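Colleague: The structure is given below, and queries will be raised subsequently.
The values are calculated or read from the model by the stated rules, or taken from the named source; none is laboratory data. Computed from a predicted model, the values in this text were never measured in an experiment. As a convention, Cβ positions derive from the backbone with ideal geometry for all residues, glycine included, and neighbour counts pool all protein chains shown. For the accessible areas, the whole protein counts, side chains as well, though only heavy atoms, and no ligand, DNA or RNA atoms are used. Shrake-Rupley method; radii C 1.70, N 1.55, O 1.52, S 1.80 Å.
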Amino acid sequence: MSSKEAKKLSDFWSVLGGQYTRNFEAKFAEKHNVKYAVSSNSATSSLISAAIACGIENGDEVITTPFSFTASATAMRIAGAKILFADIDKNTFCITAKTIKKRITSKTKAILVVHLLGNSGDIVNIKKLCDDTGIKLIEDSAQALHSKIQEKYLGSFGSVGVFSFQETKTIMTGEGGMAVTNDKNIAYKLRLIRNHGESMVYEGIDSDNTINSAVGYNFRLPEPLSALGYAQIQKVEMLNDIRKENYRYLKKELERFDCLSLVKATNDANEFAPYCLGMLFKHKKIHRNTFALALRAEGIPVSTGFPRLSNEN
């Protein structure tokens, strides 16, 4: 049952969630041109569910980026995978097909791409690499709501894409996540995993070829948070326009400083939905941390990046 069809269920509550949850999922799927959107209580929960739904098990390898929020890698680890890090392109802050190829082994089960700051990065070539090798592609699009390349939304290139509704995101419900897919069986597994792994019988897809029951979690998104998300997804274009306007202003004013190198977005023109503005700081005499402290002292919020992750696990 697609998210659009689930919305039409007459029951106020069903195994697929309450009315607001189903409305939120249906509108989110519609806005991203996919058949299925499955909500959860966090993007981390959605990433864990995505890994399990894609068949990642103990001993499998997942290639991802070391330059992301911790949950990108740890969610795959919780699913049992060994993490291999590929280098990022310093201009886009994203991993590339070229750096991924160097890490592929016979045990590689999936590639987790992170669309950092809303950037599509090298997703087109990575998608081709996955198609050619049969490796699963999972997209961490937590920071890339409604970003596009080649007229296709980020999060819809792979087997499954994941979005975040944590309080700093374009759509915020306090906490929350969404996984999107066009694969009926993956959608079924995502719904199963978030609901304690309890068997769900609908649309006649319960069979020997799908999971009927499994060890699952309580990853459901509460109805009040779904109501918040549903209200915002209907105006996602307007919310992104605000971020785009702020991004363009900052970019124009900061490009004149030689010590700053702004991140290169590879998205379609005007389809880069920025999470925030990323940059490299290069100065022969002033340390990056000193520069950041000076900005914060003036009331300008700035981060120095993510904690360094270990090479392998």
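Colleague: Anything in region 59-83 that is more than 26 Å from Tyr275 (Cα to Cα) and in contact (Cβ under 8 Å) with a residue 60 or more places away in the chain? List them, or say none.
Modeller: Within region 59-83, Lys82 is the sole residue that qualifies.
Colleague: Sticking with this one: Say we look at region 249-292 and pick out the residues that are of a type in the set (S, T, N, Q) and surrounded by 11 or more Cβ atoms within 10 Å (Cβ to Cβ); which of these is farthest from Lys90 (Cα to Cα)?
Modeller: Thr290
Colleague: Then there's this: Here are some conditions: (1) surrounded by 13 or more Cβ atoms within 10 Å (Cβ to Cβ); (2) within 19 Å of the chain's Cα centre (by Cα). Val302 meets all but one. Which one does it not meet?
Modeller: The number of the failed condition is (2).
Colleague: Something else about it: Enumerate the pairs (first residue in region 124-145 and free of Cβ contacts under 8 Å to residues at least 60 places away in the same chain and on the phi < 0 side of the Ramachandran plot; second residue anywhere and surrounded by fewer than 18 Cβ atoms within 10 Å (Cβ to Cβ) and of a type in the set (A, V, I, L, M)) with beta-carbon separation below 8 Å, excluding pairs fewer than 6 apart on the same chain, so at least 6 apart or on different chains.
Modeller: Between residues of region 124-145 that are free of Cβ contacts under 8 Å to residues at least 60 places away in the same chain and on the phi < 0 side of the Ramachandran plot and residues that are surrounded by fewer than 18 Cβ atoms within 10 Å (Cβ to Cβ) and of a type in the set (A, V, I, L, M), the close pairs are Thr133/Ile104; Ile135/Ile104.
Colleague: Moving on. Looking at region 238-260, I want the residues that are more than 17 Å from Leu280 (Cβ to Cβ) and touching a residue at least 40 places away in the same chain (Cβ under 8 Å) and have a partner that is open to solvent by 40 Å² or more (accessible area, probe 1.4 Å) and not in a helix (DSSP H, G or I) with Cβ atoms under 8 Å, at least 6 apart or on another chain. Which pairs are those?
Modeller: Arg243/Tyr275
Colleague: Okay, moving on. Quick check: anything in region 82-93 within 15 Å of the chain's Cα centre (by Cα), surrounded by 18 or more Cβ atoms within 10 Å (Cβ to Cβ) and among the aliphatic types (A, V, I, L, M)?
Modeller: Scanning region 82-93, I find no residue that is within 15 Å of the chain's Cα centre (by Cα), surrounded by 18 or more Cβ atoms within 10 Å (Cβ to Cβ) and among the aliphatic types (A, V, I, L, M), so the answer is no.
Colleague: Here's something else I'd like to know. Under 21 Å from His115 (Cβ atoms) and of a type in the set (Val, Ile, Thr), is that true of Thr290?
Modeller: No, not satisfied.
Colleague: So which helices (runs of 4 or more DSSP H) are wholly in region 219-313 and hold at least 3 residues that are in contact with a helix residue (DSSP H, G or I) (Cβ under 7 Å, 6 or more places away or on another chain) and closer than 29 Å to Glu151 by Cβ?
Modeller: Result: 223-233.
Colleague: Is it true that Leu9 is modelled with pLDDT under 95, over 20 Å from Ile171 (Cβ atoms) and crowded, with 18+ Cβ neighbours inside 10 Å?
Modeller: For Leu9, the condition - modelled with pLDDT under 95, over 20 Å from Ile171 (Cβ atoms) and crowded, with 18+ Cβ neighbours inside 10 Å - is not met.
Yes or no, residue by residue, for (1) touching a Gly at 6+ places or on another chain (Cβ under 9 Å); (2) at pLDDT 95 or above; (3) among the charged types (D, E, K, R):
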{"position": "Gln19", "(1), (2), (3)": "no, no, no"}
{"position": "Glu25", "(1), (2), (3)": "yes, yes, yes"}
{"position": "Asn41", "(1), (2), (3)": "yes, yes, no"}
{"position": "Gly59", "(1), (2), (3)": "yes, no, no"}
{"position": "Phe67", "(1), (2), (3)": "yes, no, no"}
{"position": "Ala86", "(1), (2), (3)": "no, yes, no"}
